[in-house]
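Below: one structure, written as structure tokens.
The values are calculated or read from the model by the stated rules, or taken from the named source; none is laboratory data. If you're wondering where the values come from, they're calculated on a predicted model, not measured in any experiment. Neighbour counts are summed over all protein chains in view; Cβ atoms, including those assigned to glycine, are modelled from backbone coordinates with ideal geometry.
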Amino acid sequence: MGGVIVSLADLPLRADLRGQTPYGAPQAALPVALNVNENTHPVPDEVAGDILDSVARALRDINRYPDREFTALREGFADYLGHGLTADQIWAANGSNEVLQHVLQAFAGPGRTAFGFAPTYSMYPLLTRGTGATWVAGHRAHDFTLTPADAAAQVEEAGPDVIFLCAPNNPTGTPLTLDVIEAVYDASHGIVIVDEAYAEFAPRDAGTALSLLPGRERLVVSRTMSKAFAFAGARVGYLAADPAVIDALRLVRLPYHLSALTQAAATAALRHAPVMLGMVDEIVAQRDRISATLDALAYHPHESWTNFVLFGGVEDPPATWQALYDRGILIRDVGIPGHLRVTAGTEAETTAFLDALASIDSAS
Ligand SMILES: Cc1ncc(COP(=O)(O)O)c(C=O)c1O
């Protein structure tokens, strides 16, 4: 029946997927792409060779399935994270999106609910619904912060099976204090996932939920190599949790889900963690420069502990987004009225964004 154009409506699609929209951050080949919170600095030359050598060695055995338990990589992550963690407390997958999906497959699913404080990472509801579970959105204060008492009360009322705490939060950049995590854990019976995708951009003395893991078997802390590590294209995310949680994830993963090439590349990159993370301070400096300049331009940047800045005071976000696009600069309209989000890039990219925005002058 070649040539017949079929639409989703013609397919026996799951009823709960009808009418949903896939993740769709625009991927446009513009000179300055600051829309998906990547690290815009390439992998440093001094380590690229070693990573390439490791990938080349893995290629010699590519006729065989990879280590299903990705042992070397899990040991690497345990070393990197510290906090006395061992490899049996570590899981990894193709991006933290897949890590989160594994958690939802094991602990959410049909008849269950997952919860997060909106606005938060747009993939949480999509991943939740993908497993057949229901998404429940809580709310934040006007400045997007959460207090322990309010967060605990909302979670207690919703009684979810899985709770997402994005720390710091995407798309707002808002820090999350450890007392909120403790309060939510105590108020819940479900799995509490603290998504620390941007943790490396927080102040050095900021706490991490990793310190809360001992004695909390329902707590999961996820991380990614996509941001600070400048490794988004390799697709590597990971988490730390009780070994029993890791056993639960083995029930839902595909066998050999992490390719030998991915394992080799990520393990080699981790060996060079300090160099791979070498641009973090520079990115934080550009983030703070963005905030200061936006403020001077009469926009309202929100406090950010990440590699991006959400700013309010934008009269017409789609128009400003388009005007920047027309000047070769891609940022993100995350759907929060009066707001846009921009990733901190290199100094030159950041300058290009700030100069272009100043020339548009659309602060309300
Ligand atoms: C809060 C948060 N978690 C997870 C991810 C997913 O990252 P990845 O799948 O590349 O590890 C992102 C990506 O933007 C994010 O912002």
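Can you name every residue in the range 150-179 that is over 27 Å from residue 301 (Cα atoms) and assigned to a loop (DSSP other than H, G, I, E, B)?
159, 160, 161
When the range 96-117 is examined, which residues are found to be more than 20 Å from residue 242 (Cα to Cα) and within 13 Å of the ligand (Cβ to nearest atom)?
116, 117
For the range 105-123, indicate whether the set of residues that are out of contact with any Leu (no Cβ under 9 Å at 6 or more places or on another chain), in a helix (DSSP H, G or I) and over 19 Å from residue 221 (Cα atoms) is non-empty.
No: zero hits.
Which of the strands (runs of 3 or more DSSP E) found entirely inside the range 206-325 contain at least 3 residues meeting this: within 16 Å of the ligand (Cβ to nearest atom) and under 19 Å from residue 340 (Cβ atoms)?
Counting at least 3 such residues, we get 308-312.
Pairs only if they're at least six apart or on different chains, beta carbon under 6 angstrom, first in the range 154-174 and farther than 19 Å from residue 304 by Cα, second basic (Lys, Arg); list them, first residue then second.
161/112
Could you tell me whether residue 145 is under 19 Å from the mean Cα position of the chain (by Cα), hydroxyl-bearing (Ser, Thr, Tyr), within 16 Å of the ligand (Cβ to nearest atom) and not assigned by TED's automatic domain parsing to the domain that holds residue 334?
Numbers: under 19 Å from the mean Cα position of the chain (by Cα): yes; hydroxyl-bearing (Ser, Thr, Tyr): yes; within 16 Å of the ligand (Cβ to nearest atom): no; not assigned by TED's automatic domain parsing to the domain that holds residue 334: yes.
Considered against the rule, which asks whether it is under 19 Å from the mean Cα position of the chain (by Cα), hydroxyl-bearing (Ser, Thr, Tyr), within 16 Å of the ligand (Cβ to nearest atom) and not assigned by TED's automatic domain parsing to the domain that holds residue 334, residue 145 comes out as no.
Take the residues in the range 29-57 that are part of a helix (DSSP H, G or I) and touching a residue at least 40 places away in the same chain (Cβ under 8 Å); name whichever of them is surrounded by the fewest Cβ atoms within 10 Å (Cβ to Cβ).
Selected residue: 46.
Identify, please: which residue in the range 87-135 is free of Cβ contacts under 8 Å to residues at least 40 places away in the same chain and of a type in the set (S, T, N, Q) and is, among those, farthest from residue 169 (Cα to Cα)?
131
If you scan the range 70-90, which residues turn out to be in contact with a Lys or Arg (Cβ under 9 Å, 6 or more places away or on another chain) and among the acidic types (Asp, Glu)?
The one that is in contact with a Lys or Arg (Cβ under 9 Å, 6 or more places away or on another chain) and among the acidic types (Asp, Glu): 88.
Is one or more of the residues making up the range 251-265 buried (at least 16 other Cβ atoms within 10 Å of the Cβ), touching a Phe, Trp or Tyr at 6+ places or on another chain (Cβ under 7 Å) and under 25 Å from residue 98 (Cβ atoms)?
Looking for residues that are buried (at least 16 other Cβ atoms within 10 Å of the Cβ), touching a Phe, Trp or Tyr at 6+ places or on another chain (Cβ under 7 Å) and under 25 Å from residue 98 (Cβ atoms), one finds at least one in the range 251-265, hence yes.
Scan (1) touching a strand residue (DSSP E or B) at 6+ places or on another chain (Cβ under 9 Å); (2) buried (at least 19 other Cβ atoms within 10 Å of the Cβ) for the single condition residue 305 breaks and write down its number.
Exception for residue 305: condition (1).
Specify which of the listed residues (64, 60, 14) is surrounded by fewer than 14 Cβ atoms within 10 Å (Cβ to Cβ) and not assigned by TED's automatic domain parsing to the domain that holds residue 262.
14
Of everything in the range 170-205 that's acidic (Asp, Glu) and more than 15 Å from the ligand (Cβ to nearest atom), which residue is farthest from residue 249 (Cα to Cα)? Quick ask: steps written out before the conclusion?
Initial filter on the range 170-205 (acidic (Asp, Glu)): 179, 182, 186, 195-196, 200, 205.
If we keep only those that are more than 15 Å from the ligand (Cβ to nearest atom) too, we end up with 179, 182, 186, 205.
Working: 179: 27, 182: 23, 186: 23, 205: 31 Å.
Looking at residues that are acidic (Asp, Glu) and more than 15 Å from the ligand (Cβ to nearest atom), I get 205.
Residue by residue, here is whether (1) in contact with a Gly (Cβ under 6 Å, 6 or more places away or on another chain); (2) farther than 22 Å from residue 228 by Cβ; (3) surrounded by fewer than 19 Cβ atoms within 10 Å (Cβ to Cβ); (4) polar (S, T, N, Q) holds:
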residue	(1), (2), (3), (4)
91	no, no, no, no
95	yes, no, no, no
103	no, no, no, no
106	no, yes, no, no
109	yes, yes, yes, no
129	no, yes, yes, no
134	no, yes, yes, yes
151	no, yes, no, no
164	yes, no, no, no
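Within 16 Å of the ligand (Cβ to nearest atom), over 22 Å from residue 246 (Cα atoms) and not assigned by TED's automatic domain parsing to the domain that holds residue 286, is that true of residue 122?
yes
Report, by residue number, each residue of the range 69-103 that is in contact with a Pro (Cβ under 7 Å, 6 or more places away or on another chain) and of a type in the set (D, E, K, R).
The answer is 88, and nothing else.
Please state which of the following conditions residue 40 fails to meet, knowing it meets all the rest: (1) within 13 Å of the ligand (Cβ to nearest atom); (2) more than 27 Å from residue 256 (Cα to Cα); (3) of a type in the set (S, T, N, Q).
That leaves (1) as the condition not met.
Can you work out which of the residues in the range 249-306 that are in contact with a Gly (Cβ under 7 Å, 6 or more places away or on another chain) and hydrophobic (A, V, I, L, M, F, W, C) is nearest to residue 146 (Cα to Cα)?
Checked the range 249-306; the qualifying residue nearest to residue 146 (Cα to Cα) is 305.
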